[in-house]
Amino acid sequence: MRYVSTRGQTPPLSFQDAVLTGLAPDGGLLVPESIPDVRGELERWRTLSFQELALEIVSLFCDDIPREDLARLIERAYASFDHPAVTPMVDVGERQILELWHGPTLAFKDVALQLLGHLFEYILEARGQSMNILGATSGDTGSAAIAGVRGHHNIHIFIMFPRGRTSRVQELQMTTVADANVHALSIDGSFDDCQALMKSTFVDLDLKSSMRLGAVNSVNWARVMAQIVYYFHAGLRQRAPLTFSVPTGNFGDIFAGWLAARMGLPVERLLLATNENDILSVFFNTGVYRRGEVHQTVSPSMDIQVASNFERFLYYHCGEDASRLVSLMAEFSAKGEIRTEGPLDPLIRARSVDTRTTLATIRDTWQEHGYLLDPHTAVGVAAAETLAPGRLVICLATAHPAKFPEAVQDAIGEDLAHHPAVDALIGKPVRSVELPADLDAVKQFIREHGLTT
Ligand SMILES: *Cc1c(COP(=O)(O)O)cnc(C)c1O
């Protein structure tokens, strides 16, 4: 399988190159040259374990790593999960909750980043190379990225976070990691400062190539690919047709579900649930995609302004016509808004859920079923109530509530959200490097502490 850019100006890449490249050089996102049709496999796949199914699905997209090696990488990646089913499903009233948070940082991002860490290590090893990963985080991505590559000998990771402005649990998940290849950079500034520092560092092409700087952001193709697996794993254990409800920020998670449907999983509906940051729910209800202000909510991992993975969806919406996509993206940068013609996607129904409803959903679910939802998952459950009342819906649970104990406390009035992995962080030695929001200081630190080949 080869990978092409949504903007059409990058020569096709192999899987391994697509994984290392992340964003395409022409500024586009990489997509597979064709989407495999797996309808003939579904019966056989029904009884496979998560890891076996991951091997089948990843093999369709990756033809430049031997199957035995892929099997080993997948085994290692999911050995870090604390449940034998990896992503188990539980009944909560008439909803089914697909628990995607059994990985090391208790958020669904581990499903992809655990595998990506092993893929990076393997590909670099084969090429005799090393890599320095630079990221900026306001929450879950940084800790999951660190957990994905900690201890890998040919990778160093530098994650910038705004000092004092991430949640306590999120900060501890980054600063209590003792491995020497992990650098948590506590920046004296805002998240926007961190992101600006990251972008400016990547623009320094000299540093970028001499230090082989890479990113683990949500546009990496391997992250989308790894997320396709749980849609099949959960969906094949249910009666068709299927409805999934997906708490959405950058459109990575729900896009994996959309691909699963294109591949032949019998999906009838994907419910796209946003918080007050409703750029995507507005789009799927009106056809207008308009940049807005970021609102801070109780589901901070969905507080986004522009959904970075959405370009992949638009590309397919344009009939895989890269030149049309390029003109749409240019229009969006110029005007901050685009309008698409043609029928919107028949699979997707969207809704934005406000904070009051989110907290009420956490409280009601606890009182009626004794099950504690995290605020992101609650947004998806609330959307399912209005978009698919009385239907069987698989609701994706994207984080464990112990990551967001303040929201649970606000909803229920009690300190109920605990997890041994979070409780164990308290009192552990912490380690971070305090840096000013200054480009030279960040670059200097990476030069001095990163790997060079
Ligand atoms: C990242 C994240 C989301 C949003 O996922 P996208 O792929 O960005 O749409 C939802 N919930 C949690 C807990 C997250 O960490």
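Quick note: the coordinates plus some simple rules give every number you see, no bench work behind them. Keep in mind that what you see is a predicted model, and the values were worked out from it rather than measured. Ideal geometry is used to build each Cβ from the backbone, glycine not excepted, and the neighbour counts take in all protein chains shown.
Inspect region 123-132 for any residue being within 13 Å of the ligand (Cβ to nearest atom) and outside any loop (DSSP other than H, G, I, E, B) and give the result as yes or no.
So far as region 123-132 goes, no, none of its residues is within 13 Å of the ligand (Cβ to nearest atom) and outside any loop (DSSP other than H, G, I, E, B).
I want to confirm something. Restricting to region 63-74 and keeping residues that are in contact (Cβ under 8 Å) with a residue 24 or more places away in the chain and over 20 Å from the mean Cα position of the chain (by Cα), which single residue is farthest from Ser14 (Cα to Cα)?
Result: Asp69.
Tell me yes or no: at least one residue of region 176-192 is within 16 Å of the ligand (Cβ to nearest atom), surrounded by fewer than 23 Cβ atoms within 10 Å (Cβ to Cβ) and in a loop (DSSP other than H, G, I, E, B).
No, region 176-192 contains no residue that is within 16 Å of the ligand (Cβ to nearest atom), surrounded by fewer than 23 Cβ atoms within 10 Å (Cβ to Cβ) and in a loop (DSSP other than H, G, I, E, B).
Sort through Glu268, Glu293, Glu276 and tell me the only one that's in a strand (DSSP E or B) and either surrounded by fewer than 20 Cβ atoms within 10 Å (Cβ to Cβ) or within 21 Å of the chain's Cα centre (by Cα) (or both).
None of the others qualify; the one that does is Glu268.
Collect the residues in region 95-122 that are within 14 Å of the ligand (Cβ to nearest atom) and not in a helix (DSSP H, G or I), keeping them in residue-number order.
Ile97, Leu98, Glu99, Leu100, Trp101, His102, Gly103, Pro104, Thr105, Leu106, Ala107, Phe108
Step by step: first the residues of region 48-62, then only those that are under 16 Å from Leu236 (Cβ atoms) and assigned to a loop (DSSP other than H, G, I, E, B), then the one that is farthest from the chain's Cα centre (by Cα). Which residue is that?
The selected residue is Leu48.
Answer yes if at least one residue in region 364-377 is of a type in the set (Asp, Glu), more than 16 Å from the ligand (Cβ to nearest atom) and touching a residue at least 24 places away in the same chain (Cβ under 8 Å), and no otherwise.
There is at least one residue in region 364-377 that is of a type in the set (Asp, Glu), more than 16 Å from the ligand (Cβ to nearest atom) and touching a residue at least 24 places away in the same chain (Cβ under 8 Å).
Taking the criterion of being under 30 Å from Gln195 (Cβ atoms), within 16 Å of the ligand (Cβ to nearest atom) and either aromatic (Phe, Trp, Tyr) or surrounded by 15 or more Cβ atoms within 10 Å (Cβ to Cβ) (or both), would at least one residue in region 314-335 satisfy it?
yes
Limited to region 158-191, what total is found for residues that are touching a His at 6+ places or on another chain (Cβ under 9 Å) and among the aliphatic types (A, V, I, L, M)?
3
Please state which of the following conditions Gly249 fails to meet, knowing it meets all the rest: (1) of a type outside the set (A, V, I, L, M, F, W, C); (2) in a strand (DSSP E or B); (3) within 16 Å of the ligand (Cβ to nearest atom).
(2)
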